[in-house]
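A.B. asks: One structure, pasted below without further comment.
The values are calculated or read from the model by the stated rules, or taken from the named source; none is laboratory data. As the structure is a computational prediction, the values presented were derived from the model and not from experiment. Counting neighbours? That spans all protein chains shown, and the Cβs are built from the backbone with ideal geometry, glycine included.
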Amino acid sequence: MPSVGSKGLRAAYAGAFLRRLRWLPAVAILAACAWAAWGVPSGTPISLHAGDKLASIARLSGPSSGSFILMVCVLVALVFGVGFWGWRLGRKVHRQTAAMTERVESEAELGRRNAQLEQHRSRILEGINSARPLDEIIEQITETVSLNLGGALCWCALANGARLGRFPTDGHGLRVVRREIPARTGAALGTLFAAFRSPEEAGGAEAELEALGAGAQLATLAIETRRLSSDLVHRSEFDLLTDVYNRLSLERFLDREIATAQEKESIFGLIYVDLDEFKQTNDTYGHRVGDLYLREVSQRMKRQLRSGDTLARLGGDEFAALVPVVRSRADAEEIALRLERCFDAPFSADGYVLRGAASVGIAIYPENGTTADKLLSAADAAMCTVKHAKRRAAENLSGLHLSSGRLPRD
């Protein structure tokens with residue numbers, strides 16, 4: 001360092017001090033400029049180290065040692081002020097970052113839960129539109145409500161007495177919230193329950209009611225859709241008046257039985273039943289009594305059949321019975337005889353006492369046909385033969401009585 005006076009020495013000390021403040025080169029430069037503004041004479045060199053570069057400021061000098069000490073104090077205060085401001089700023093940024101992170105995580109968790117709820121709801125709707133059992137769908141609804149309520153116990157009590165879902169074995173200490181499952185018409189379809197250990201477990205009463213309400217709406221949709229579907233299936237398979245299978249169902253059963261008989265090389269029987277003088281019953285007593293008579297006839301014939309046999313109404317006053325297990329025609333004839341004799345006892349309908357009868361024909365697979373149409377035609381032809389024979393016998397009997405001068409007894 002070149003030899004200088006006291007003022008130059010002070011300037012050199014100031015330069016050395018400023019070189020130590022490597023992280024505040026801008027502050028050092030401002031301080032040197034302020035020193036120059038106090039009147040440091042020219043000719044005193046000061047070198048300032050800023051990072052890896054040397055900043056040379058023109059020859060400066062300070063007025064006195066007191067001014068130098070004051071300047072140092074100002075610089076120290078400035079350094080501490082800037083550091084404190086940076087610390088406060090860092091803390092503020094840290095708090096804001098933590099709050100933002102927490103908010104983002106909370107929104108992400110909410111999004112994941114909403115996605116899970118939507119997946120559950122989609123599976124429930126798919127189940128409603130499919131052939132899945134209703135009990136499985138209701139249990140899935142209770143699981144969805146439980147997920148929406150943070151894992152609370154949830155179960156459903158249906159109007160038929162069934163209880164599905166996760167229900168507590170001991171309700172002591174639990175707060176139970178319920179919501180009826182409304183029907184579009186009529187009485188409630190059931191009740192949806194949720195059990196909590198504390199009021200805060202599910203996030204408040206509003207969240208509880210909202211979750212249970214959404215579950216109740218899904219349960220209503222599931223139950224009533226399944227009822228409607230079952231009713232439509234029943235209407236498509238059964239005769240609405242007599243509640244026995246209809247012709248379409250019988251043809252489907254016949255096709256299935258033919259396939260089974262072909263595979264096993266077995267036989268089965270088809271019995272065709274036609275009510276005698278049914279038109280006269282309708283004309284004499286009215287269609288209401290005729291409908292009641294058909295219902296009673298159907299119930300009587302069903303009681304004469306075995307558990308594996310099937311009775312169907314083909315239309316009007318015609319019925320058919322499919323008897324899949326027979327060893328010979330004699331077995332089918334025995335069942336046909338039971339069907340014919342069930343008309344022996346009188347019928348009671350709307351205060352009237354009616355006497356009925358039926359003509360019966362039999363067809364055996366594969367002897368009388370190998371398709372459903374051929375079997376039905378063969379059984380119908382056999383029944384018509386019996387009916388015509390009965391009519392001829394009745395006409396002959398009537399002619400015999402008239403020729404002898406006597407009227408036939410009832």
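A.B. asks: Restricting to region 226-255, name every residue that is modelled with pLDDT of 95 or more and small (Gly, Ala, Ser).
C.D. replies: 249
A.B. asks: Quick test of your reading of the structure: residue 231 fulfils all but one of (1) over 29 Å from residue 136 (Cα atoms); (2) within 29 Å of the chain's Cα centre (by Cα). Name the failing condition by number.
C.D. replies: In the conditions (1) over 29 Å from residue 136 (Cα atoms); (2) within 29 Å of the chain's Cα centre (by Cα), residue 231 misses (1) alone.
A.B. asks: Exactly one condition in (1) closer than 25 Å to residue 127 by Cβ; (2) touching a helix residue (DSSP H, G or I) at 6+ places or on another chain (Cβ under 8 Å) is not met by residue 232; state its number.
C.D. replies: So residue 232 meets the others, but not (2).
A.B. asks: Sort out which residues of region 250-275 are touching a strand residue (DSSP E or B) at 6+ places or on another chain (Cβ under 6 Å) and closer than 15 Å to residue 320 by Cα, and write them in order of number.
C.D. replies: 250, 253, 257, 268, 269, 270, 271, 272, 273, 274, 275
A.B. asks: With the condition being over 12 Å from residue 274 (Cα atoms), modelled with pLDDT under 95 and touching a strand residue (DSSP E or B) at 6+ places or on another chain (Cβ under 7 Å), I'd like the strands (runs of 3 or more DSSP E) fully within region 299-389 carrying at least 1 qualifying residues.
C.D. replies: Once the strands (runs of 3 or more DSSP E) in region 299-389 are filtered for at least 1 residues that are over 12 Å from residue 274 (Cα atoms), modelled with pLDDT under 95 and touching a strand residue (DSSP E or B) at 6+ places or on another chain (Cβ under 7 Å), what remains is 347-349, 352-354.
A.B. asks: If you don't mind, another one. What number of residues in region 261-289 are touching a helix residue (DSSP H, G or I) at 6+ places or on another chain (Cβ under 8 Å) and outside any helix (DSSP H, G or I)?
C.D. replies: 11
A.B. asks: Among the residues of region 301-335, count how many are in contact (Cβ under 8 Å) with a residue 24 or more places away in the chain and closer than 19 Å to residue 247 by Cα.
C.D. replies: 19
A.B. asks: Can you pull out the residues in region 326-366 that are out of contact with any helix residue (DSSP H, G or I) (no Cβ under 8 Å at 6 or more places or on another chain), closer than 23 Å to residue 260 by Cβ and of a type outside the set (Gly, Ala, Ser)?
C.D. replies: Selection gives 327, 329, 331, 333, 334.
A.B. asks: If only one of 332, 320 is closer than 22 Å to residue 253 by Cα and touching a Gly at 6+ places or on another chain (Cβ under 6 Å), which one is it?
C.D. replies: Step by step, each of 332, 320 is checked, and only 332 is closer than 22 Å to residue 253 by Cα and touching a Gly at 6+ places or on another chain (Cβ under 6 Å).
A.B. asks: Name every residue in region 310-328 that is over 18 Å from residue 359 (Cβ atoms) and surrounded by fewer than 17 Cβ atoms within 10 Å (Cβ to Cβ), in order of residue number.
C.D. replies: Once the filter is applied, which keeps residues that are over 18 Å from residue 359 (Cβ atoms) and surrounded by fewer than 17 Cβ atoms within 10 Å (Cβ to Cβ), region 310-328 yields 325, 327, 328.
A.B. asks: Out of the residues in region 148-188 that are of a type outside the set (Val, Ile, Thr), within 16 Å of residue 217 (Cβ to Cβ) and not in a loop (DSSP other than H, G, I, E, B), state the one that is farthest from the chain's Cα centre (by Cα).
C.D. replies: So, considering only residues that are of a type outside the set (Val, Ile, Thr), within 16 Å of residue 217 (Cβ to Cβ) and not in a loop (DSSP other than H, G, I, E, B), the one farthest from the chain's Cα centre (by Cα) is 178.
Per-residue answers, yes or no, for (1) under 26 Å from residue 128 (Cβ atoms); (2) buried (at least 21 other Cβ atoms within 10 Å of the Cβ); (3) of a type in the set (Gly, Ala, Ser):
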| site | (1), (2), (3) |
| --- | --- |
| 158 | yes, no, no |
| 163 | yes, no, no |
| 170 | no, no, no |
| 177 | yes, no, no |
| 180 | yes, no, no |
| 183 | yes, no, yes |
| 186 | yes, no, yes |
| 196 | no, no, no |
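A.B. asks: With respect to residue 273, is the statement that it is touching an Asp or Glu at 6+ places or on another chain (Cβ under 8 Å) and in contact (Cβ under 8 Å) with a residue 60 or more places away in the chain true?
C.D. replies: Considered against the rule, which asks whether it is touching an Asp or Glu at 6+ places or on another chain (Cβ under 8 Å) and in contact (Cβ under 8 Å) with a residue 60 or more places away in the chain, residue 273 comes out as yes.
A.B. asks: Considering only residues that are touching a residue at least 24 places away in the same chain (Cβ under 8 Å) and out of contact with any strand residue (DSSP E or B) (no Cβ under 7 Å at 6 or more places or on another chain), which ones fall in region 172-183?
C.D. replies: Selection gives 173, 182, 183.
A.B. asks: May I ask you to verify whether residue 225 is of a type in the set (Val, Ile, Thr), in the same structural domain as residue 143 (by TED's automatic domain parsing) and over 18 Å from residue 125 (Cα atoms)?
C.D. replies: In short, no.
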